[in-house]
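Data first, discussion second: the structure below is written as structure tokens.
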Amino acid sequence: MNELLIIADPRLMAERSAWLMSLAGERRLSAHTLDAYERDSRQFLTFLTGHLGGPTTLKDIEALRPADFRAFLAARRKVGSGARSLGRNLAGLRSLLRYLEKKGLVNAAGASAVRSPKQPKSLPKPLSDRQAVTVVSGEAQMHDEPWIAARDAAVMTLLYGCGLRISEALDLTPGDFHAGATSLRITGKGNKTRLVPLLAIVGEAIGKYSALCPFHLEATEPLFRGARGGKLQPAIIQRTMQTMRSAFGLPETATPHALRHSFATHLLAGGGDLRTIQELLGHASLSTTQVYTGVDSARLLEVYDRAHPRA
């Protein structure tokens, strides 16, 4: 906050803080997104201090033209920001300006007139069927402590068997699993809930871990625990996957999130329809799910090139 006292006047600083609080409270954005928006807006105000020759005020924001926003994006590009980062920069600034505009403090037309940087098309990188099965198997886990190996296998099985984000898996509690249940209720982005099928193999992996875990697992507390009993952190599972990449010769794209991509890709390849996959993944828009049609087509072409005698 001390930095903001230099780069913006107190009122603008207060409005920016109120905007961030509204994002957390009303829109329930993730902590990761909030951190990014805080950083982006701070970088923008820092840029304006040099660009305009002094601490930024609401009047300065009101007077900004599209050229000023383009200058900021150009400055970020010079220090290595890619198209995705620049797009998020602009999205955060537009959100801040819309907030100020609703309060009658500025006009947001300047930022709205700037086109977002063209985003590169990138397809998810799924694992092959065999690689995914290897990663989720209990025998493949690298830890010497049996309960930790069982824990890692259970988390990996949830990511691949249910298509969960790693944060969704690690937020689960023992109370989320009921005897004889065939589905699992997941709370995802934006606090939205969805039902996913609970495969028998997933239930078995959870049961094995729960039986071996040395800590008492209360129904409302985190199911997955770290070595000292606290909530398991994503970085631990990411490091586990990194170790497995080396041990099994998996590609660098083999990450915990790749298991979610593999879930969707393998369902589509097996005849699943996009609408169902959209619901299982918790995507708000079908266009987000449609990227997997490109993945599936790419895999089909790869098989064709490798196997067809005329390829």
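The values are calculated or read from the model by the stated rules, or taken from the named source; none is laboratory data. Source: prediction; values computed, not measured. All Cβ positions, glycine included, derive from the backbone under ideal geometry; neighbour counts span all protein chains shown.
Filtered by the rule that a residue be touching a residue at least 24 places away in the same chain (Cβ under 8 Å) and closer than 20 Å to His143 by Cβ, the range 239-257 gives Thr240, Met241, Thr243, Met244, Ala247, Phe248, Leu250, Ala254, Pro256. Looking across the range 190-236, just one residue is part of a strand (DSSP E or B) and surrounded by fewer than 12 Cβ atoms within 10 Å (Cβ to Cβ), and that is Thr193.
For the range 207-221, the tally of residues that are in contact with a Pro (Cβ under 9 Å, 6 or more places away or on another chain) and in contact (Cβ under 8 Å) with a residue 40 or more places away in the chain stands at 6. Looking at Gly180, Gly203, can you tell me which residue is out of contact with any Pro (no Cβ under 7 Å at 6 or more places or on another chain), assigned by TED's automatic domain parsing to the domain that holds Val136 and more than 27 Å from Tyr292 (Cβ to Cβ)? Exactly one of Gly180, Gly203 is out of contact with any Pro (no Cβ under 7 Å at 6 or more places or on another chain), assigned by TED's automatic domain parsing to the domain that holds Val136 and more than 27 Å from Tyr292 (Cβ to Cβ), namely Gly180. Among residues that are modelled with pLDDT of 90 or more, surrounded by fewer than 20 Cβ atoms within 10 Å (Cβ to Cβ), on the phi > 0 side of the Ramachandran plot and assigned to a loop (DSSP other than H, G, I, E, B), Gly104 is included.
One line per residue, one yes/no per condition, for (1) small (Gly, Ala, Ser); (2) touching a strand residue (DSSP E or B) at 6+ places or on another chain (Cβ under 6 Å); (3) closer than 28 Å to His216 by Cβ; (4) not assigned by TED's automatic domain parsing to the domain that holds Met13:
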position	(1), (2), (3), (4)
Ala75	yes, no, no, no
Ser95	yes, no, no, no
Leu100	no, no, no, no
Gly104	yes, no, no, no
Trp147	no, no, yes, yes
Ala150	yes, no, yes, yes
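Is the range 134-145 home to any residue that is in contact with a Lys or Arg (Cβ under 7 Å, 6 or more places away or on another chain) and of a type in the set (S, T, N, Q)? No, the range 134-145 has no match at all.
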